[in-house]
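As structure tokens, the structure follows; a few thoughts come after it.
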Amino acid sequence: MTTQQKDIRAAAVLPDAKTRLAVLESMIRVRLAEEAIAALYGEGEIRCPTHLCIGQEAVAAGISVLLSRDDLVFSGHRSHGHYLAKGGDMNAMFAELYGRVTGCARGKGGSQHLVDLACGFMGAAPILSSTISVGVGSAWAAKLDRRDQVSIVYFGDGATEEGTFHEALNFASVHKLPVIFVCENNLYSVHSAMDIRQPEGRPIALLGTAHGMPSVTCDGNDADVVHAHAAEAVARARAGEGPSFIECMTYRWMEHCGPGDDIPLGYRTAEELADWRIRDPLAIYRDRLAAAGELGAAAEADLMKKARDEVAAAVAFAKASPYPEAAELSEHVFPV
Amino acid sequence: MTTQQKDIRAAAVLPDAKTRLAVLESMIRVRLAEEAIAALYGEGEIRCPTHLCIGQEAVAAGISVLLSRDDLVFSGHRSHGHYLAKGGDMNAMFAELYGRVTGCARGKGGSQHLVDLACGFMGAAPILSSTISVGVGSAWAAKLDRRDQVSIVYFGDGATEEGTFHEALNFASVHKLPVIFVCENNLYSVHSAMDIRQPEGRPIALLGTAHGMPSVTCDGNDADVVHAHAAEAVARARAGEGPSFIECMTYRWMEHCGPGDDIPLGYRTAEELADWRIRDPLAIYRDRLAAAGELGAAAEADLMKKARDEVAAAVAFAKASPYPEAAELSEHVFPV
Amino acid sequence: MVRQLKYFEALHEAHRELLADDPNVLVAGLGVPGPTGIFGTTKGLQEEFGPERVIDTPSSENAMTGIALGAAIQGKRPILVHMRVDFALLSMEPVVNQAAKWHYMYGGVMRAPLTIRMIIGRGWGQGPQHSQSLQSWFAHVPGLKVVMPTRPYDAKGMLIAAVRDDAPVIFLEHRWLYNLEGPVPEGLYTSPLEGAEVLHQGSDVTIAATSHMTIEALRAADLLAAAGVSAEVIDLRCLTPIDGDTLAASLAKTGHLVVADTGQASYGVVAEVMAVAMKRAFPYLKAAPQSVALPHIPTPTTPALADLFYPDATDIAQAALDTLGSSAQLPKPAADRRWKDTPDPSFTGPY
Amino acid sequence: MVRQLKYFEALHEAHRELLADDPNVLVAGLGVPGPTGIFGTTKGLQEEFGPERVIDTPSSENAMTGIALGAAIQGKRPILVHMRVDFALLSMEPVVNQAAKWHYMYGGVMRAPLTIRMIIGRGWGQGPQHSQSLQSWFAHVPGLKVVMPTRPYDAKGMLIAAVRDDAPVIFLEHRWLYNLEGPVPEGLYTSPLEGAEVLHQGSDVTIAATSHMTIEALRAADLLAAAGVSAEVIDLRCLTPIDGDTLAASLAKTGHLVVADTGQASYGVVAEVMAVAMKRAFPYLKAAPQSVALPHIPTPTTPALADLFYPDATDIAQAALDTLGSSAQLPKPAADRRWKDTPDPSFTGPY
Ligand SMILES: Cc1ncc(C[n+]2csc(CCOP(=O)(O)OP(=O)(O)O)c2C)c(N)n1
Ligand SMILES: Cc1ncc(C[n+]2csc(CCOP(=O)(O)OP(=O)(O)O)c2C)c(N)n1
Ligand SMILES: [Mg+2]
Ligand SMILES: [Mg+2]
């Protein structure tokens, strides 16, 4: 892989039909969950900052199907998709957003601190770039223990401006650790565009190259493309060849934080958003599978219904769950 | 300039004979000052950590002759050469090392905190990489004020492992600031060799490239080579074209900190040191000038005597200077 | 009558007038020129003063601090803004080792007139990593001036004083103060960067508070008045140092002390105020002082626990009664809202 | 008789025994495997336990902390070493936002058994950026356990306890303690991570001290004894929390308090101990306590000022006399050395 290489190389690495259905299902689940959150947010029961990932579902979907339960994922503030795609418990996620004791972090974390050890989702945290080094440390442990385990770290374009991002990549490279750095470049950091933040025309993937690892910039709205690059990176990691860097070009549809539309803020244009909505990763993929004869109308309806039911059940579970008791406040400051 | 380009391109940028004499003089002054410190350190009157730069004199010498008094220099823990080459007051430097009130920082800073605003030496500080962003900020101010002023930041190979190094380069690149990053790669960070700290075979200059600026790796023991690359970088900075990165391969002869020889520690070999001593930047340059007919024996003797006298006078000045009074302790906590 | 402005408007006006007054003033920070402009405090400044002086930045808190320092030693007067003190944790090295010390360690030849604005305290569901109040960290470091304006008047006056001061100033704004209204004159006046202020006179107990807790303390004084107790409320305002004169004068009257801070009590402002009270007013103290601050627990996100985590006016009033050994009853708080996680119902974000 | 070891040797032995005992123990830090091995404390460990478990690191204090955290949540028990707390300022974000909070903010499912060794305090001419003592910063943050062993026995016992503890532990070593000798058993014993210890019994005044200042306090007790004053010396040892029981028991006897810490007094350990004394022992206190700590000034490098900057045994003893209102004369210190910038003449670096 080399930097700047924008397209998929080998049809040979195209996932098989079953895998592609799994990818599609993953995207549908994330999309419907996020839409539900947006719809319910106004009720005022989700009382924490919430960053939705609609429009960016292809990245985690394309990658997660390559991972086993033992592989680990780390994320940042925009983590719902990464969590669900890795197999995170949807009930526990909704309960967490709703601040209930049945949440994956017993309500203590909220949307920004998802975790599910059972599926290898090892934590998300909203301080930019901060979980990148944690993921590297996790890969270090895996290597020391000779475990066949890959760690994936997701982060945004903005996170690559933090120094610790570089420190983490450097260490991973020196020690040839089984970690894959996945940058979801959605062109914005809150309301700030790329040009005020990073050198013009320099792909972020070049930073990976500079730290001595195979790095690529690719279409993050095409799950097959992401999957192909990730497959190579995972293979490298499992073979002990060290880290890889994948920059996925994508776009967030919703406002930075919250359930709304932020076009009135004026930092991006309605046209730009419309262009990217046309490149809807979910629609593109569904159409592609349909065209390839891998997805019939009934199967699609099934997938949609299953996901819709799962989301509805999770919402009901969350709403029916109790809040943590007062005694919980002082529990878990120190492990016992 | 491209990364990895190791030699000097154009004889055209060779400094003229007068400039070369100035470069040589600069190297001689630094060498003799450092040798004096090493000789005197055992007396126990220089009571602070002191990092000598013998063997690395060509870098600052080759660069400083390109700078005017209004250009600014920032440095780290190994700063004596950068300070003197920029025109820093030698008396004030020795007095600072001796902890006297006549020191450039009134004794409060010691060897690790040299400063001389009169010549544009804007401060040195021993926290790795930390003055890099300060130099970038200085260049930002210069650009805002439309001043024809270049800022130079010196740092070691180890400093490039700190995240803030990257953050500073990124900002300088985005804003096309008149700053030159000069990395003195002497292969070691204290007692640690490159291979445990950075990816194998990746020149540090590639990090500059990744941050969108012209970057080069060059022979840091050849003052003419350094001068040629710096000339280009300074021209770029003055033309408003933004920052440049110069990695200078060089070697420290003394122990990391202090006046001694550290070969018994075993982290580097006597042979390696001997090889680099053969590539003595001062001897090479003197011989080159002599061979070119630009330096006679008498002129050389003159330069040596002048520098020796200057150092002796500075030592005498320091030793004769008073220590700060007790009242100084609480002065300068806040500006008045 | 003096014009009334909200806290965020007072800050906004201070920026505008400073930028207009002195071409060396710069404003930098992630989102500073953006459409929401740091909760309105920097909105429109880039349009008015140009993209050179009012800049957005990469998320590089560490280097941006060094960069501001570098500009400051060249005569600029940068205001660096962090949306959260939690993010500024990435910049502790340049703040503590560098900015705080450049004047001293270079023997007085360097000046670093740098102002760092940081937002502290609870927003709304902000949880463990977006709600800390680390004022005691900064105040512990020699070379930094640390202020926590409570009223809109001081928000503006102290920002102007901070920017004009030649020392690095840490300027801490509690998120829940932004909508607070108060009198704010036009023009470039200053509030001092040292010294507390008595906001409410009283004779039975002294409540020394910081930032948003001063507002709670004023409410507590009302509750106490209803219970027949006369409380004096001191807005500590400036932390370097704690104003021992004002504190001692008040304790000479009351002999009883409650300290209320927005941060953790342990090793925090509460402890420092206690130490100053011991040193300056030991003979006046009639009972062990009480503290009202955060427990030694990270911030929980769910409102069910956050409501228990954050003390308020009732807790302060009860602490006052406790130190007085009084069994007076406080008025029951109106249970008007399900959750206490917003300062008032008008608080609608952005958070 | 129990074997005598120096402080650095006790630490070295703790590392060795921990590495031998538990394959999950790792040691990482800049210079850890190097020829000087963090002042001898990690020397030879890489040769003995291999280059996987004992590693040198890039100078990347921030990411190395996150990396240690990442290894810890995977079951490793890393010891991360910083040659200076001043360098560790680059790692405040992962220490405070992440390591301290991962157990709490993930509802108890995560454990981060991470030990961070940091060297604090004066070396020799170390100046403003190589000599800070930031213990109160760490102790202010919920989720961190903070210890400052004074004696070789505790250095070893607490390091073992720290590594075996499932919480992140901040382990602070004062540079001037390294050559201190004391009894140290072989084998994997632990010292507790909570609780102070009375090192010298006395009845007139309580001296509560941390780290190297405990050594000065013991010397002060001798000076005071010569002046007819009986001082009780408490080694605070563990900061989270301050041991209020031990402190109150002592104050119940003496009624007089001197607090001595290696850091700045303001917003420091001194203030916290004062606050705890107020809370737990107010009725016993007969006079305002005294503090002996660093003034609110950055560290000057020249020995001419550093000697004035750092308090010592004589200052502690004088503070004890002051709080007692005694005009007794202390023995004059022997003026045996030009400068006081080394702990004893045997201190020859590396610094
Ligand atoms: C250290 C730090 N600085 C600033 C912030 C505020 N912040 C929250 S999200 C965000 C945008 C990050 O952009 P990017 O990494 O591209 O992720 P995206 O939101 O686009 O998914 C910022 C700046 C933060 N959370 N942490
Ligand atoms: C932030 C920080 N971490 C660690 C150190 C300790 N330290 C002092 S000098 C040094 C070596 C730096 O190596 P390099 O940058 O290559 O400079 P050189 O000494 O080789 O000139 C180190 C690690 C420090 N001063 N600051
Ligand atoms: Mg983005
Ligand atoms: Mg080096």
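Computed from the coordinates by the stated procedures, all read-outs in this text should not be read as laboratory data. Everything quoted here is computed from the prediction, not taken from an experiment. A quick note on method: Cβ atoms are made from the backbone with ideal geometry, for glycine too, and the neighbour counts reach across all protein chains shown.
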* Remind me, relative contact order of segment B:3-317 in percent, using alpha carbon pairs under 8 angstrom and six or more residues apart? -> 24 percent
* Structure fact -> When the charge dipole of chain B is computed with +1 at the Cβ of Lys and Arg and -1 at the Cβ of Asp and Glu, the Cα pointing farthest to the positive end, of B:Ser321, B:Tyr154, B:Leu169, is that of B:Leu169
* **Loop GluC sites (Glu not before Pro), segment B:255-336 (other Cβ atoms within 10 Å of the site Cβ: 15 or fewer; DSSP)** => B:Glu294, B:Glu325
* Structure fact -> Row for the protein assembly as shown, column shape: gyration tensor on C-alpha, a ≥ b ≥ c, rounded if a/c < 1.5 i.e. under 1.5, prolate if a/b over b/c, else oblate; value rounded
* Asked: Once amide H atoms are built 1.01 Å from N in the peptide plane, which residues 5 or more positions from D:Glu232, or in another chain, come under 5 Å H to H?
  -> D:Gly202, D:Ser203, D:Asp204, D:Val205, D:Thr206, D:Ile207
* If you find the alpha carbon centre of segment B:262-311 and of segment D:142-165, how far apart are they in angstrom? -> 51 Å
* To do: Shortest first and in nm with one decimal, please list how far the D:Ala226 label point sits from its counterparts in the other copies (point 7 Å along Cα→Cβ).
  => 6.4
* To do: Would you mind checking C:Lys145/D:Lys101; C:Lys253/D:Lys279; D:Lys43/D:Lys156; D:Lys253/D:Lys286; C:Lys279/D:Lys286 for any pair whose Cα atoms are more than 19 angstrom apart?
  => C:Lys145/D:Lys101; C:Lys253/D:Lys279
* Starting from the amide H of B:Leu72, placed 1.01 Å from N in the peptide plane, find each other amide H under 5 Å away whose residue is 5 or more places distant or on another chain. => B:Val150, B:Ser151, B:Ile152
* Asked: Nearest-to-axis residue of chain B, judged by Cβ, for the B-to-A rotation, with distance in whole Å?
  -> B:Gly163, 1
* Any idea how far the Cα center of segment C:304-351 sits from the one of segment C:257-302, in Å? -> 18 Å
* To do: Please work out the C-alpha center-to-center distance from segment C:19-76 to segment B:56-76 and express it in whole Å.
  => 30 Å
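Where does each of A:Phe94, B:Phe181, D:Phe309 land when they are ranked from fewest to most other beta-carbon atoms within 10 angstrom?
With the fewest neighbours first, A:Phe94, B:Phe181, D:Phe309 line up as D:Phe309, A:Phe94, B:Phe181.
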* To do: Name the residue farthest towards the positive end of the dipole of chain C from the options C:Gly195, C:Leu18, C:Tyr267, assuming +1 on Cβ of Lys and Arg, -1 on Cβ of Asp and Glu, about the Cα centre.
  => C:Tyr267
* To do: Taking the Cα centre of the protein assembly as shown as origin, work out the dipole magnitude from +1 charges on Lys and Arg Cβ and -1 charges on Asp and Glu Cβ, in debye rounded to 20.
  => 580 debye
* To do: Could you work out the Kirkwood radius for chain A, taking every pair of different alpha carbons, averaging 1/r and inverting it, reported in Å?
  => 20.1 Å
* Placing +1 at every Lys and Arg Cβ and -1 at every Asp and Glu Cβ, with all other atoms neutral, what dipole size does segment D:125-191 have around its Cα centre, in debye to the nearest 20? -> 120 debye
* **For D:32-38, mean number of other protein chain Cβ atoms within 10 Å** => 4
* What does the charge count near A:Asn221 come to, summing +1 for each Lys or Arg and -1 for each Asp or Glu among other residues with Cβ under 10 Å from its Cβ? -> -3
* Asked: For segment B:190-243, rounded, prolate or oblate, judged on the Cα gyration tensor with a ≥ b ≥ c (square roots of eigenvalues), a/c < 1.5 rounded, else prolate if a/b > b/c?
  -> oblate
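Treating the beta-carbon of each Lys and Arg as +1 and of each Asp and Glu as -1, no other charges, what is the dipole magnitude of segment D:34-191 about its Cα centre, to the nearest 20 debye?
Result for segment D:34-191 is approximately 240 debye, rounded to the nearest 20.
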* Pseudo-label separations to other copies for A:Asp302 - Cα-to-Cβ vector, 7 Å, nm -> 9.6
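Expressed as cubic angstrom per residue, what is the convex hull volume of the alpha carbon set of segment D:197-324?
Cα convex hull per residue, to the nearest whole number: 95 Å³.
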* Three-way shape label, segment D:2-185, alpha-carbon gyration tensor, a/c 1.5 -> rounded
* Short version: ³J(HN,Hα) in whole Hz for each residue of segment C:202-211, in order, from phi by Karplus 6.51 cos²θ - 1.76 cosθ + 1.60 (θ = phi - 60°), x for Gly and Pro, what are they? -> x, 10, 9, 8, 9, 10, 9, 9, 10, 6
* Structure fact -> Phi-derived 3J(HN,Hα) across segment A:51-67 with the Karplus relation (6.51, -1.76, 1.60, θ = phi - 60°), rounded Hz, x for Gly and Pro, is 10, 8, 10, 4, x, 10, 5, 5, 5, 5, 5, x, 8, 5, 5, 7, 9
* Whole-Hz Karplus ³J(HN,Hα) for segment B:106-111, in order, using 6.51 cos²θ - 1.76 cosθ + 1.60 and θ = phi - 60°, x for Gly and Pro? -> 6, x, 6, x, x, 3
* Counting partner chain Cβ atoms within 10 Å of every residue's Cβ in A:44-50, what's the average? -> 6
* To do: Could you pull out every one of the lysines with an alpha carbon less than 23 Å from that of B:Lys143, ignoring same-chain neighbours closer than 8 positions?
  => B:Lys86, B:Lys176, C:Lys76
* Shortest first and in nm with one decimal, please list how far the A:Arg277 label point sits from its counterparts in the other copies (point 7 Å along Cα→Cβ). => 7.5
* **C-alpha long axis of helix D:269-281 to longest principal axis of chain D, angle in °** => 60 degrees
* Asked: Can you list residues whose amide H is under 5 Å from D:Arg77's amide H, if they're 5+ apart or on another chain and H is modeled 1.01 Å from N?
  -> D:Val25, D:Leu26
* Whole-number percent relative contact order across chain C, with pairs defined as alpha carbons under 8 Å at least 6 apart -> 16 percent
